[in-house]
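I have placed the structure first, in the form of structure tokens, so that the comments after it can refer back to it.
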Amino acid sequence: ESGPELDIRWPIGLLFAAIGIVVTIYGLFSNARSELWAREININLWWGAAMLAFGLAMICGAIRAGRRTRN
Amino acid sequence: MHLEWIDYAVIALYCAFVLGVGFALKKSMRTSLDFFLSGRRIPAWITGLAFISANLGALEVMGMAASGAKYGMLTSHFYWLGAIPAMIFVGLCMMPFYYGSRARSVPEYLRLRFDEKTRAFNALTFAVMTILASGINLYAMALVFKLMLGWSIHATILLSAIVVLIYTFFGGLTSSIYNEVLQFFLIVFGILPLAVLTVTKAGGWSGLEARMPPGFTHMWSNLGQATANPMGVDWFQLVAGLGFVLSFGYWCTDFLVVQRALAARDMTAAQKTPLIAALPKMFIPFLVIVPGMAAWVLLPKAAFLVQGKIDYNMALPLLLAHYYPPGMLGVGITALLASFMSGMAGNVTAFNTVWTYDIYHSYIRRDATDAHYLQMGKIATVGGVLLSVAAAYVALSFHNIMDYLQLIFSFVNAPLFATFLLGMFWKRTTPNGAFYGLASGTAAAALHYFATLHGLFIYRSEMAANFDRAIYAWAVCFFVTIGVSVFTKPRSEAELGGLVYSLTKKQSYEHLRWIRRPATLAVIVGMVAIVLNWIYR
């Protein structure tokens, strides 16, 4: 349902999952902090996790679409 | 600005995926239609995101952030007035003719509707323009990364050209579209945290209102006179010049964006393509313009000094350097790199289509096999990339030549929408009317430019002169086309079925629920745009 042979959700999902993992792990070990609404946050950790979640959601969508097509 | 290993790791991941997409799509490229138009089987949500991303290059992202710092919220007119109405119009009113005529390109539509000479004029100017745009994009990328990171200009030009060449050569338009969608999400994930961090740091919207000059946070209230706003334009120039002539001329006739809709899987998907694109397009100002305004508030003016003059073009990279730690900096830089590369790829894929279908197939070799045209498309891709690299080096060595070339092509673009409007909605428009209207509109734009240069017209800003020039060119083209058409022979009605409004069977949407119809989406988009204009008036 996503068009040609390659479902676009695979490259999007895998890329963002990979970037999310790398940035999140880096965030776990770095002390860099950003100021948001007068609070100190580890932006690598939080935004890396958000990118990872987005990537995984895309991969799940691609898997479900693949199953639907096969059935 | 200095990058850490983590930043280079993110950039390397992106490059690996981009090349992977090209290789993965290689086996799907069996026919010329697969290569040039993705086999017309892409779903609307993908073509919609590609439609907006084709226009969301790094020059746009950085330029709009710079304009945000220079003009404030007035810059949002380029979106809420200068894009959304035209995107609604092309989706609802023009796509039935583009897609329904089965034309493979915009110049081919002109041949079907008018004649060979109008198509040749449009195809040749478009092919040269895309190469220029691609080369300037490549040059700008090299310059930005040289200024930001100290990267070698030659290495940046050659490496990025090689990456773009590989994925467009193997994957054609599909590869370009897929990477544009990747780029869209990278821009969102790479720039959104920056927007939140900088705007909250500036004290939110109320902080921006308090700290920026009066009028910088309003869109309409200072447009009564050109002297009352930093753009130096009045409401008529803005509405008629930007909101009508220039925006409709770009969004409705530029093959670079229309090509994305032609790749859609059916008529409804093609119509929805610009409408789906319009939804995220409306919120791009919050991603790039508002951070540009925050840069004006947060960064010292000395940060914008270039050779003793204030230059806001580096506002976004400066914010990246100030507010992102290593890691997120890599994501932000990758977003810029992605938008530079997909901007170039979009131009190259539009060039190879127009070259193969509208020039090679029409004038050089008419009766070859489909496999031959597929091969020619791949050769044109290599040629397009090589010409882009050459254009980048011309821009690097002779800035003025590129400025003049762009100026000349702006003369050609301004009147184009009048030709399409009359061609699609007035069956009496003749081939000669279209050609001479287009030629006289182009001449009017050139005359206006030279008259302004010699002081016959005085404007408060170059932008005001550009808007007025577009209005003159469009009006001359419109009336000359009508005048010549009245005295020349139109094409027979039998030839114009599917090409003109009154001679085309109306599309039925009975099979779709009301919520899924293009008109419903258009109403939603239009209402959101009106609300945004009202809130920031």
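Where a number appears in this text, it was derived from the coordinates with a stated rule and is not lab data. Quick caveat: nothing in here was measured; it's all calculated off a predicted structure. All Cβ positions, even for glycine, are placed from backbone atoms using ideal geometry, and neighbour counts span all protein chains on display.
Some points to look at:
- Summed residue charge, Cβ within 11 Å of B:Gly232's Cβ, Lys/Arg positive, Asp/Glu negative: -1
- Separation of alpha-carbon centers, segment B:143-193 and segment B:464-500, rounded to whole Å: 38 Å
- FRET E, pair A:Glu35, B:Val382, Förster distance 41 Å, beta-carbon r, rounded to 0.05: 0.25
- Taking each residue as 0.36 nm, the span from B:Val188 to B:Arg428 lengthens on full extension beyond its C-alpha to C-alpha distance by 81.8 nm.
- Degrees separating the helix A:9-29 axis from the principal Cα axis of chain A, which is the longest one: 20 degrees
- Only the Cβ atoms of Lys and Arg (+1) and of Asp and Glu (-1) were treated as charged; on that basis the dipole of chain A about its Cα centre amounts to roughly 260 debye.
- The residues neighbouring B:Ser38, those whose beta-carbon lies less than 10 Å from its own, together hold a net charge of +3 under the Lys/Arg +1, Asp/Glu -1 convention.
- Compactness of segment B:288-336 was expressed as the Cα radius of gyration divided by 2.2 N^0.38 Å, which yields 1.17.
- With K and R counted +1 and D and E -1, the other residues having a Cβ less than 14 Å from that of B:Arg460 yield a net charge of -3.
- Mean shadow area of chain B, taken as a quarter of the surface of its Cα convex hull (nm²): 24.4 nm²
- Taken residue by residue and averaged, Cβ atoms of other chains lying within 10 Å of the Cβ of A:44-51 number 4.
- Sequence-distant lysines (8 or more away, or on other chains) whose Cα lies within less than 26 Å of B:Lys281: B:Lys70, B:Lys201, B:Lys272
- Partner chain coverage, peptide A:10-16 - average Cβ within 10 angstrom: 6
- Cross-link partners for B:Lys117 among the lysines, with Cα-Cα distance under 26 Å and sequence neighbours closer than 8 places in the same chain left out: B:Lys427, B:Lys489.
- With contacts taken as Cα pairs under 8 Å at a separation of at least 6 residues, chain B carries a relative contact order of 30 percent.
- Here segment B:1-142 is described by how far its Cα atoms reach on the three principal axes: 56, 46, 30 Å, from widest to narrowest.
- Rounded if a/c under 1.5, otherwise prolate or oblate - the protein assembly as shown, Cα gyration tensor axes: oblate
- Shielding value for B:18-30 is 2, the average number of Cβ atoms from other chains within 10 Å of each residue's Cβ.
- The alpha-carbon of B:Lys27 sits under 19 angstrom from the alpha-carbons of these lysines, leaving out residues fewer than 8 places away in its chain: B:Lys378.
- Cα centroid separation, segment B:212-236 to segment B:307-370 (Å): 32 Å
- Taken as entire DSSP H runs, the helices of chain B that both span 18 Å or more between Cα atoms along their own long axis and average -1.0 or more on the Kyte-Doolittle scale are B:5-25, B:58-71, B:116-149, B:153-201, B:267-281, B:284-298, B:328-353, B:370-397, B:399-413, B:431-453, B:462-487, B:518-535.
- In a simple Cβ point-charge model (Lys, Arg +1; Asp, Glu -1; nothing else charged), segment B:434-528 has a dipole of about 380 debye relative to its Cα centre.
- In plain terms, the C-alpha convex hull of chain A casts an average shadow of 5.6 nm² when viewed from every direction.
- Taking 0.36 nm per residue of sequence separation and removing the Cα-Cα distance, the B:Phe487/B:Gln307 pair yields an extension gain of 59.1 nm.
- Unit charges on C-beta of K, R, D, E only; dipole of the protein assembly as shown, Debye: 1260 debye
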